[in-house]
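The values are calculated or read from the model by the stated rules, or taken from the named source; none is laboratory data. Since this is a predicted model, take the numbers as computed values, not measurements. Neighbour counts run over all protein chains shown; Cβ positions are idealised from the backbone, glycine included.
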Amino acid sequence: MRLIKRLLVIVLLLSAFGTDHLHAQLYQEPFERTVTEGVEDAYSAVDTLFHSAMKPYHADQFVRDSIPRFRTYDRRYFNLTEVKFLKEHLIELKEDDFELYMDAVLDLNIGRDLGDTSSWQDTVQVFNNTRGLAMYGRIGDRVSFHASVFENQSQFQDWMYKYTDSLGVVPGQGRFKELESNARDYNSAWGVISIQAAKWLQVHFGQGKHFIGSGYRSMLLSDVASNYPFIRLKANFWKNRIEYTAMNAEMFNMERLPLGEVPESLFKRKGYTMRYLSVIPHPRLELGLFEAVVHQRWDSTGTKAYGWDFYQPLPFVSTAVNGLDSVNNAVVGLNAKIKVSDKLFFYGQGVADQAESRFSGFQVGLRWKDFPFKTTTLRLEYNEGGAGIFTNKRNLQNYTHMNQGLAHPLGTNFKEYIVVWQQRTRKKRLWSEWRGIYQIHDGGIRGNIQSTPTELLDGTHDPGVTMISDLQFGYLMNPTSNMNAIIGWTWRDRSTNAGHLVSSFYYFTFRVALFNRYYDV
């Protein structure tokens with residue numbers, strides 16, 4: 001909080017010197033893959049200067065009417081019920097110096113796992129029941145906001161139930177409590193305030209998460225883990241060819257502080273700084289330099305104050321001073337995107353947190369619109385992480401938040417092949433997607449991102465292969481709120497030395513999709 005207060009003082013001082021009239025919609029757009037891909041595709045022309053890697057996107061970065069994803073294409077006249085259900089936000093208030101949009105959020109899912117031959121299949125009904133509220137708005141010319149809160153009850157498949165048990169959290173959504181029949185009850189919330197401090201500078205702070213890259217996965221920073229408190233500065237220079245992001249956040253280990261006099265002690269914390277410099281030297285090429293540092297916040301003597309390098313905003317200073325093998329765990333990387341045409345781009349990432357090759361990883365991929373047919377899109381992607389990547393000699397400083405990796409969901413010691421085929425009609429709202437994933441991952445201690453490098457070398461070895469096929473057919477009911485009706489089937493086959501598990505899950509979902517779920521591990 002002290003850091004946020006200091007930075008806000010700087011923001012207000014900068015705002016005082018601004019002479020240009022600013023009228024910016026800065027609220028966060030839904031941080032969901034179909035939305036971010038729709039924006040990225042719309043600005044994929046080879047002569048366009050658009051910094052696409054840093055997500056989520058905000059409303060000032062593009063013109064909504066230019067994005068096919070947000071168009072309705074329906075008949076011109078609607079009655080009030082149709083307008084609110086199929087076209088607009090549920091509540092819309094607009095004045096000269098104030099705007100507010102509100103939507104009810106539902107995620108209702110019911111399904112059956114026919115591949116599970118255990119007693120679980122006979123006694124458990126798989127479902128998800130999410131209710132919530134989302135709001136977006138603007139106050140004056142410089143301040144925008146976004147907030148959403150969800151209450152969830154879920155009954156997972158057997159393998160997913162065991163996975164949440166091993167993590168102690170529902171992936172990407174936080175801690176849970178046990179209900180009857182082994183169901184999970186959990187809450188999740190987002191909240192971000194955005195300030196246009198100057199024409200070239202924005203500040204975003206609150207509770208949320210981020211993603212860097214053009215892939216389905218990210219090897220640098222992903223939205224896999226749960227939300228975290230953060231403050232983020234974004235500056236643009238050189239006629240939008242350079243974009244610089246400096247973010248400070250607080251992460252948590254699922255390990256309690258000494259109990260003391262309280263009935264339930266807090267979790268051990270760690271600081272997180274991320275510096276990302278995006279450069280577009282040519283409209284066909286986007287390059288990014290990445291640095292993240294996990295700062296020590298606790299040791300055997302108790303809670304520690306942050307060092308000077310937590311507060312400084314310049315890139316690579318912490319790594320240059322402390323090196324890659326310090327207690328403050330530094331992770332450095334490179335992001336690249338090459339536009340071959342308006343329809344085709346290649347992308348890739350490289351990452352390292354120590355000099356040895358087993359502490360490094362990379363990603364290569366392509367995304368091809370209108371291939372092999374009009375209205376279809378193909379993605380091919382390969383990700384690889386070494387046997388020690390994202391770990392540290394003090395496991396409290398591992399590149400994690402609430403027991404999940406901050407980059408790839410498999411954490412460490414993996415290879416992954418991904419194919420995604422999408423089909424979306426141009427003038428109607430029907431869509432379909434098939435996603436195929438092949439993973440080679442160590443399921444023993446050698447693949448546990450909570451381990452230290454020494455434990456990874458000496459620990460148990462249980463290599464496994466996971467194959468996933470997910471097929472969905474959907475109808476986009478309301479492009480504004482991203483409301484969808486979906487039927488789908490997910491097949492998962494996991495083989496290790498410990499055994500073989502097959503899942504064949506059929507499901508129906510009614511969802512207002514505001515964030516991504518990564519249950520494909």
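Kindly indicate whether Lys428 is more than 19 Å from Phe252 (Cα to Cα) and not in a strand (DSSP E or B). Give the derivation first.
Working: more than 19 Å from Phe252 (Cα to Cα): yes; not in a strand (DSSP E or B): yes.
It is true that Lys428 is more than 19 Å from Phe252 (Cα to Cα) and not in a strand (DSSP E or B).
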Kindly list, by first and then second residue, each pair from a residue in segment 401-414 that is within 16 Å of Glu455 (Cβ to Cβ) to a residue that is at pLDDT below 95 and basic (Lys, Arg), limited to pairs with Cβ atoms under 7 Å and residues at least 6 apart or on different chains. Asn413/Arg446
Selected residue (only one of Ser218, Ser226, Ser194 is of a type in the set (Gly, Ala, Ser), farther than 30 Å from Asp116 by Cα and part of a loop (DSSP other than H, G, I, E, B)): Ser218
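With the condition kept exactly as written, say whether any residue in segment 389-403 is hydrophobic (A, V, I, L, M, F, W, C), in a strand (DSSP E or B) and out of contact with any Cys (no Cβ under 6 Å at 6 or more places or on another chain).
Step one: list which residues in segment 389-403 are hydrophobic (A, V, I, L, M, F, W, C), which gives 389-390, 396, 402.
Going one step further and asking which of them are in a strand (DSSP E or B), we end up with none.
For segment 389-403, residues hydrophobic (A, V, I, L, M, F, W, C), in a strand (DSSP E or B) and out of contact with any Cys (no Cβ under 6 Å at 6 or more places or on another chain): absent.
Do the conditions hold for Gly132, that is, is it more than 20 Å from the chain's Cα centre (by Cα) and within 30 Å of Leu93 (Cβ to Cβ)? Reasoning before the result, please.
Values: more than 20 Å from the chain's Cα centre (by Cα): no; within 30 Å of Leu93 (Cβ to Cβ): yes.
Considered against the rule, which asks whether it is more than 20 Å from the chain's Cα centre (by Cα) and within 30 Å of Leu93 (Cβ to Cβ), Gly132 comes out as no.
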Between residues in segment 428-447 that are free of Cβ contacts under 8 Å to residues at least 24 places away in the same chain and residues that are among the small types (Gly, Ala, Ser), which pairs lie under 6 Å by C-beta distance while being six or more apart or on different chains? Ile445/Ser451; Ile445/Gly459
Within segment 90-165, considering only strands (runs of 3 or more DSSP E) that don't extend past its boundaries, which have at least 1 residues that are buried (at least 17 other Cβ atoms within 10 Å of the Cβ)? 98-113, 126-139, 143-155
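For segment 342-353, enumerate the residues that are in contact (Cβ under 8 Å) with a residue 40 or more places away in the chain and touching a helix residue (DSSP H, G or I) at 6+ places or on another chain (Cβ under 8 Å). Step through it out loud before you land on a result.
At the first step, the residues of segment 342-353 found to be in contact (Cβ under 8 Å) with a residue 40 or more places away in the chain are 342-343, 345, 347, 349-351, 353.
Of everything in segment 342-353, just one residue is in contact (Cβ under 8 Å) with a residue 40 or more places away in the chain and touching a helix residue (DSSP H, G or I) at 6+ places or on another chain (Cβ under 8 Å), namely Asp353.
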Filter segment 236-261 for residues that are surrounded by fewer than 16 Cβ atoms within 10 Å (Cβ to Cβ) and in contact with a Ser or Thr (Cβ under 8 Å, 6 or more places away or on another chain); the one that is farthest from Arg284 (Cα to Cα) is Leu259
Scope segment 469-488; condition of a type in the set (A, V, I, L, M, F, W, C), touching a residue at least 40 places away in the same chain (Cβ under 8 Å) and touching a Ser or Thr at 6+ places or on another chain (Cβ under 7 Å); matching residues: Phe473
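Listed here are the residues, each with its yes/no results for (1) closer than 30 Å to Met102 by Cα; (2) within 22 Å of the chain's Cα centre (by Cα).
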{"position": "Pro453", "(1), (2)": "no, no"}
{"position": "Thr460", "(1), (2)": "no, no"}
{"position": "Met467", "(1), (2)": "no, no"}
{"position": "Asp470", "(1), (2)": "no, yes"}
{"position": "Gly488", "(1), (2)": "yes, no"}
{"position": "Arg494", "(1), (2)": "no, no"}
Against the conditions (1) touching a residue at least 12 places away in the same chain (Cβ under 8 Å); (2) of a type outside the set (Gly, Ala, Ser); (3) part of a strand (DSSP E or B); (4) over 24 Å from Asn128 (Cα atoms), where does Leu456 fall short? Just the number, please. (3)
Matching option when the condition is without any contact (Cβ under 8 Å) to a residue 24 or more places away in the chain and of a type in the set (A, V, I, L, M), among Ala305, Ala292, Ala246: Ala305
Given the criterion touching a residue at least 40 places away in the same chain (Cβ under 8 Å) and either surrounded by 15 or more Cβ atoms within 10 Å (Cβ to Cβ) or not in a helix (DSSP H, G or I) (or both), identify the matching residue among Val502, Val465. Val502
Does segment 121-139 contain at least one residue that is in contact with a Leu (Cβ under 7 Å, 6 or more places away or on another chain), more than 30 Å from Ala183 (Cα to Cα) and in contact (Cβ under 8 Å) with a residue 12 or more places away in the chain? yes
